[in-house]
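See structure below.
The values are calculated or read from the model by the stated rules, or taken from the named source; none is laboratory data. Since this is a predicted model, take the numbers as computed values, not measurements. Note that we place each Cβ from the backbone using ideal geometry, even for glycine, and neighbour counts take in every protein chain shown. Surface areas here come from the heavy atoms of the whole protein model, side chains and all, with no ligands, DNA or RNA. Shrake-Rupley method; radii C 1.70, N 1.55, O 1.52, S 1.80 Å.
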Amino acid sequence: MNTQFKRGVVEMLVLKVVKDQPRSSYDVIDTLSKRIDVNENTVYPILRRLTKQGYFETKTQASLVGAPRKVYSITGIGEQKLDAFLEEWAEFLEEVLTILGGDNHE
Amino acid sequence: MNDYLQNLETMLDRFIMHSDEKHDIMEDYKAMIEEAKASGLTDDEVIEKLGSVDAIYQAMKPEYRLKKKIANSEKWIALSPFIALIIFFFVGFQYEAWHPGWMAFLLIPLTAIIVEGINHDSEFKLTALMPFLSVIAFVLLGIYTGAWHPAWLVFLSIPMMGIIESSKEKRDSGPYIGTTVFLSIIVFFLVGYFTGVYTPTWVILLTPILFDLFFFNGKKNHYIVGSSLLVSMGLYSYLGLYVTSWPIALLAFMVFIVVGLITGHVTIVINTNHRYGVLLKISFAISLVLFLLLGYLYDAYQLTWLFVLLTPMFSIVLTETRRRWTALSPFVAIITFMLIGFFLDGWAYAWLVFLLIPMVAIIEGD
């Protein structure tokens, strides 16, 4: 699959899993890699970039094991970005499924 | 895991990043490793989960700029003004060549373009270099040979290089035909300059059509039309030189037109639905009459053909509302170029009017 395309999808998924609940960077990587064949080492840079862009905010949270953890949570503009992503994705999927589903497309 | 973290830190040093950010990333990885190990993963499994240092480097590359390469580049760019100044003073004091010694300052943009072009593997680095190289070639040719005209032709290397570099990945013939247009202009002016003959050598300007028909299409009827154009060109030259006047010799191109009509290469479109169709036909008729009449009366066909440009200009004025001046600018530039060249013998600087085209496009752009 096209790398750029895959990065875009991973970006959307990172936004979604952090929206579902605030998570540490390891938790984000772990959650995604358990469900899909994702290139783990690309997740952390994406997480950092999205934070720099203001889509996430971080706070330190006490941990049961070891040092306190940095936890990412989604911001207002992060949610807007995710909504836009999901809308775009739904339209894209609909078109793809239309094409794959029959011959009546142009 | 210490080796892993150490390698990670060394790898991060290759990027331009604030020490706080580097520290932050290192802390994040330490926390991720701790969390991964707490979940029961072995060292190897942790590395597999987080990615090897090399894989992380590859993943981070799009997000950060590389330090070493940029630092070296910036050194050269930063040094170039001083080098230019030294050359300028040396050439000026030693050889009293302040002019064209000033061209040493062109080293500054040249260095920046070359260095950045190499760093970013720019597809258009030669196109970006051409304006500066053209200025150098133009000034040197002008000063040392006095031939400002046709030295200005070197500026045509700019669009040519642009076409060549933009067509590297493409396989269609369009860009190559584009370069033949510029080549034909160069050859036409060079032949004219060295022989003083512009008629019938203007037929050189038709060679892009021949290139297209003979080398980029490969269909049988293209060869037929191409041959008919060759015959017309030859016949035109023969008739003009030995039989009749040049305007009448133009009838030789009827061979090309008739063959083109038969093969469908030449089509006559009469758009009766066009809102200004009648007006445009009248303007075309008037411009044709002016071309032939004034050309005949003053023997100035080399200039009166400009009247033919009035019809497309008129059409633009009537129909183009959004970017009218941008569309008109090539015509205005050609007319101004020819008028300055012929009446003021100012070929050397007349080419500058072609800069009007991008300037108008920028001003009128969104």
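Restricting region B:295-310 to residues that are open to solvent by 50 Å² or more (accessible area, probe 1.4 Å) and over 31 Å from the mean Cα position of the chain (by Cα), the residue that is modelled with the lowest pLDDT is B:ASP299. The residue pairs whose first member lies in region B:145-162 and is more than 18 Å from B:PRO100 (Cα to Cα), whose second member is open to solvent by 40 Å² or more (accessible area, probe 1.4 Å) and assigned to a helix (DSSP H, G or I), and whose beta carbons are closer than 6 Å, counting only pairs six or more residues apart or on different chains, are B:PRO150/B:LEU190; B:PRO150/B:TYR193; B:LEU156/B:PHE182; B:ILE158/B:PRO131; B:MET160/B:PHE182; B:MET161/B:LEU126.
Considering B:THR304, B:THR321, B:THR336, B:THR311, the condition of being on the phi < 0 side of the Ramachandran plot and not in a helix (DSSP H, G or I) is satisfied by B:THR321 alone. Per the conditions (1) without any contact (Cβ under 8 Å) to a residue 40 or more places away in the chain; (2) facing chain A (nearest Cβ under 8 Å); (3) surrounded by 18 or more Cβ atoms within 10 Å (Cβ to Cβ), the sole criterion not satisfied by B:ALA38 is (3).
Here B:LEU126 passes the criteria (1) under 40 Å from the mean Cα position of the chain (by Cα); (2) loosely packed, with under 15 Cβ neighbours inside 10 Å except the one numbered (2).
Residues in region A:63-90 that are loosely packed, with under 12 Cβ neighbours inside 10 Å and within 13 Å of chain B (Cβ to nearest Cβ): A:LEU64, A:VAL65, A:PRO68. Reported count of residues in region B:13-29, each being within 12 Å of another protein chain (Cβ to nearest Cβ) and closer than 15 Å to B:ALA59 by Cα, is 3.
Going through (1) closer than 30 Å to A:TYR44 by Cα; (2) β-branched (Val, Ile, Thr); (3) surrounded by fewer than 16 Cβ atoms within 10 Å (Cβ to Cβ) one by one, B:ILE47 falls short only on (3). Is it true that some residue in region A:87-97 is at pLDDT 90 or above and under 30 Å from B:HIS23 (Cβ atoms)? Within region A:87-97 (the criterion being at pLDDT 90 or above and under 30 Å from B:HIS23 (Cβ atoms)), the answer is no, since none of the residues qualifies. Search region B:339-359 for residues being open to solvent by less than 30 Å² (accessible area, probe 1.4 Å) and in a helix (DSSP H, G or I), and hand back the single one that is farthest from B:LEU141 (Cα to Cα). That would be B:VAL353. If you filter region B:191-219 down to residues that are aliphatic (A, V, I, L, M) and under 21 Å from B:GLY240 (Cβ atoms), you find that the one that is surrounded by the fewest Cβ atoms within 10 Å (Cβ to Cβ) is B:VAL197. Scanning region A:29-58 for residues that are out of contact with any Lys or Arg (no Cβ under 8 Å at 6 or more places or on another chain), at the interface with chain B (Cβ under 10 Å from one of its Cβ atoms) and aliphatic (A, V, I, L, M) gives A:VAL43, A:LEU47. Scan region B:220-247 for residues that are of a type outside the set (S, T, N, Q) and either open to solvent by less than 60 Å² (accessible area, probe 1.4 Å) or under 10 Å from B:PRO200 (Cβ atoms) (or both) and the total you get is 13. Scanning region B:46-58 for residues that are closer than 30 Å to B:ILE113 by Cα, within 12 Å of chain A (Cβ to nearest Cβ) and in a helix (DSSP H, G or I) turns up at least one hit.
Yes or no: region B:1-8 includes at least one residue that is within 12 Å of chain A (Cβ to nearest Cβ), more than 37 Å from the chain's Cα centre (by Cα), without any contact (Cβ under 8 Å) to a residue 12 or more places away in the chain and in a helix (DSSP H, G or I). Taking every residue of region B:1-8 in turn, none turns out to be within 12 Å of chain A (Cβ to nearest Cβ), more than 37 Å from the chain's Cα centre (by Cα), without any contact (Cβ under 8 Å) to a residue 12 or more places away in the chain and in a helix (DSSP H, G or I). Once region B:287-302 is narrowed to residues that are of a type in the set (Gly, Ala, Ser) and in contact with a helix residue (DSSP H, G or I) (Cβ under 6 Å, 6 or more places away or on another chain), the residue that is nearest to B:ILE248 (Cα to Cα) is B:GLY295.
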